[in-house]
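Below is one structure, written out as structure tokens; the observations come after it.
The values are calculated or read from the model by the stated rules, or taken from the named source; none is laboratory data. Owing to the predicted nature of the structure, the values given are computational and were not obtained by experimental measurement. Using ideal geometry, Cβ is built from the backbone for each residue, glycine included, and neighbour counts are taken over all protein chains shown.
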Amino acid sequence: MKGCLILGVLLTMSIIAYTKPNASNDILYAQLDSLEKIVYNHTGSNQVSEALINNCSSLAALYTQLEYPKQIEYGKRLLMVVNNLDKEYLQIKILEMIAEALFQIDDFNNSIEYYYRLYNVYSLSNDEINSAKTLLRIGSNYYFLCKYIKAKDYYERALLIFKKNQQFIGISEALKGIALILGHWGEYDKALSHNQEALSFCKEMGDDASIAAIHFNIGTIYQELGDFTSARDNLLQSLEIYQELNDLTAIVTTTCHIGEIYLTNKLHDQALEYYLKAEMISKKMDGIKLHAEVSYSIGKAYNLKGDYMKALDYQRKALRLYQDSDNKKSLVETYAELGHIYYNLEHYDKALYYLDMGYKIAESINYKYLLTIYHKQLADVNAKLGNYQEAYSFFLQHIEGRDQIYQEERKLKTEELQTKYYVTVKEKEVDELMHTQQLNKALIKNQKLIMLFIIFILFGSLVLSIVFRIRYLQNQKLNVQLSIQNKEIEDQQYEVEKLNTNLQKANASKDKFFSIIAHDLKNPFNSLLGLSDLLLEDYENLNEEERKEFITQIKTSGDKIYSLLQNLLIWGRNQLGKIVVSKEVVCMDKLVDETVQITKQHASGKNITIKTNIPEEICVYADKNMISTVILNLITNAIKFTPPYGEIEIHCFDKEDYVEIMVADTGMGISKINQEKLFRVDEKFQTDGTNKEKGTGLGLILCKDFIEKNSGKIWVESDEGAGSWFCFTLPKPA
């Protein structure tokens with residue numbers, strides 16, 4: 001739960017936004033040297049000029065571009081100068097920079113000290129809103145110090161100020177912080193209640209990013225409760241919002257977390273489905289850490305599934321990326337996973353090599369939790385290699401480390417519970433005292449009114465009961481009459497709507513048919529007729545090569561006309577119900593391979609790679625020709641809208657009652673508005689491919705008809721600029 005809560009903090013606690021500073025360069029340091037000479041040479045003077053104040057402000061702005069340790073060092077030096085200038089806004093600017101930089105390097109105690117100083121400045125100037133924001137930042141520091149009682153106190157103080165000033169954004173942030181702490185304590189009902197309250201404020205403000213973050217937090221709470229269905233539903237809601245916002249980083253993070261839920265339930269194929277989607281999206285992004293985390297998750301899933309070679313490939317990729325970013329904690333976890341994979345492969349020497357590498361790093365950073373895991377794995381590997389003395393030694397260290405962690409956690413939990421109990425008792429005593437005082441006042445006042453109130457209630461109840469009884473009988477009679485009339489009207493409306501719907505569908509089909517004939521047949525026929533006329537008129541004046549060129553173009557136009565007429569005939573037969581569905585058991589790996597072979601030459605023309613991941617044992621019960629036509633259409637579309645040197649992947653997932661096939665590409669993607677038009681016969685929607693390829697607009701409509709005739713469904717998932725995933729389902733053989 002702790003890991004999920006920390007991720008929640010990182011997603012939601014963004015009251016003061018900072019970005020990681022860029023690396024220093026010669027120009028930046030030249031500007032710093034110039035300004036520092038002006039500022040610090042003027043320090044001894046008793047005159048405070050406007051130019052000095054402006055130079056201090058510019059210097060503080062430049063410091064924010066340095067690495068965090070430099071921000072702290074230079075900021076403290078500049079703060080001594082600014083304190084003598086008596087300019088409050090400069091003090092605030094520098095204190096914020098130092099406090100946040102200390103927070104970013106995990107120096108939480110010193111960060112609290114500077115945020116306290118910042119809070120005092122805001123308090124003296126009666127700036128309640130910024131005072132409350134600073135209280136939230138202090139609470140965040142205490143949260144990461146695991147001092148949850150103090151963190152909750154500061155969140156609640158900030159909440160009171162925000163409510164007083166009706167600052168809904170601040171109210172939402174404070175409620176989310178309190179909910180995180182309640183979740184850590186295991187008070188899940190209260191945590192959910194606070195999250196729901198925060199959610200209502202965010203919906204009122206239309207803050208979609210915060211709404212998505214809250215659904216993510218709620219999902220992690222349900223995950224901890226073991227309610228994986230509710231956890232998945234909330235995370236899917238979060239993912240849908242992030243997709244609308246096109247926040248690719250959040251999309252990848254949330255998609256991986258959904259995969260983690262399936263992995264926890266040992267549903268390896270479903271977990272891999274989400275991890276692979278995350279990998280496809282992350283290819284469009286920069287960021288070593290994100291790529292490494294996705295690769296690590298996929299490798300872990302393949303290891304648990306038993307596909308050790310694929311697990312090795314992904315973990316090696318993660319290892320390279322973590323080495324480039326010098327992320328020691330993640331390196332330790334990746335080395336441990338590699339050791340585990342080689343142990344499963346019974347390559348004990350290699351397992352020992354990777355475990356030794358990770359063990360040394362874990363010792364250097366004192367990663368206690370993973371050290372205990374390393375001790376256990378090293379004991380197992382040494383035992384397999386016959387090094388029983390070393391195996392016994394590591395096993396003893398594993399027991400000792402595990403007990404030590406348990407003792408530390410129990411001590412921390414005991415201290416936390418004692419503090420919480422003390423605070424709860426005091427709060428209860430105060431509440432009881434206030435309740436007693438209010439009760440006494442109420443009793444004295446009510447004794448004078450109670451008799452009159454009882455008499456009034458009895459008399460009023462008698463009168464109202466008579467009136468309500470009369471009204472009730474009248475309304476019952478009217479309701480019966482209205483119900484009969486409404487039923488007749490509803491039946492008539494239903495018949496009219498049914499007729500209108502059928503009429504609209506028929507008109508749409510007719511309009512689509514004539515639109516295609518008028519538009520799509522005109523161009524190739526014009527080309528065919530024009531070229532034939534030219535060839536006939538100038539035949540004697542043309543050389544052999546020019547004649548062959550004309551004949552080739554005529555052949556191309558004829559092929560286009562034949563392809564179009566063939567699609568129109570198939571569509572027309574399907575509309576008239578003349579196509580008979582002939583279902584049989586179809587092996588998907590062979591069918592996909594045959595279809596891919598047909599499109600390979602087309603894909604090679606654009607240097608597009610087509611990858612397939614179809615297990616041999618997966619079969620469906622459907623019409624083979626229809627499904628082949630569907631797959632061919634989807635691959636052809638993917639080639640059309642994927643730029644040169646792109647990738648197309650075809651996956652097949654074995655679900656409980658059906659099989660899901662996915663054709664994914666790295667193309668231009670489809671907007672939400674256009675996704676709704678794809679499978680509708682009454683919408684004219686055509687888009688040129690990356691090489692200006694043309695289409696008839698019938699392909700996806702045929703796909704939808706054929707899939708539905710085979711008791712399946714088809715849909716599209718796409719992020720604009722990040723590719724498309726066309727998916728459809730088919731039933732399994734009985």
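Below, the figures for the structure above:
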{"quantity": "TYR119 outside any loop (DSSP other than H, G, I, E, B), touching a residue at least 24 places away in the same chain (Cβ under 8 Å) and crowded, with 16+ Cβ neighbours inside 10 Å", "calculated": "no"}
{"quantity": "Positions within the stretch 302-332 being buried (at least 19 other Cβ atoms within 10 Å of the Cβ) and among the charged types (D, E, K, R), in sequence order", "calculated": "none"}
{"quantity": "Test: residue in the stretch 520-536 that is of a type in the set (A, V, I, L, M) and at pLDDT below 65", "calculated": "yes"}
{"quantity": "Checklist (1) modelled with pLDDT of 55 or more; (2) in a helix (DSSP H, G or I); (3) in contact with a Leu (Cβ under 8 Å, 6 or more places away or on another chain); (4) within 30 Å of ASN126 (Cβ to Cβ) applied to VAL9, failing item", "calculated": "(1)"}
{"quantity": "From GLU240, GLU197, residue being without any contact (Cβ under 8 Å) to a residue 24 or more places away in the chain and touching a Ser or Thr at 6+ places or on another chain (Cβ under 9 Å)", "calculated": "GLU197"}
{"quantity": "Subset of the stretch 659-707 that is within 30 Å of PRO733 (Cα to Cα) and of a type in the set (Phe, Trp, Tyr) - its residue that is modelled with the highest pLDDT", "calculated": "PHE706"}
{"quantity": "Subset of the stretch 307-328 that is of a type outside the set (Lys, Arg), assigned to a helix (DSSP H, G or I) and without any contact (Cβ under 8 Å) to a residue 12 or more places away in the chain - its residue that is farthest from TYR343 (Cα to Cα)", "calculated": "GLN323"}
{"quantity": "Residue check for LYS289: under 29 Å from TYR242 (Cα atoms), in contact (Cβ under 8 Å) with a residue 60 or more places away in the chain and not assigned by TED's automatic domain parsing to the domain that holds ASP665", "calculated": "no"}
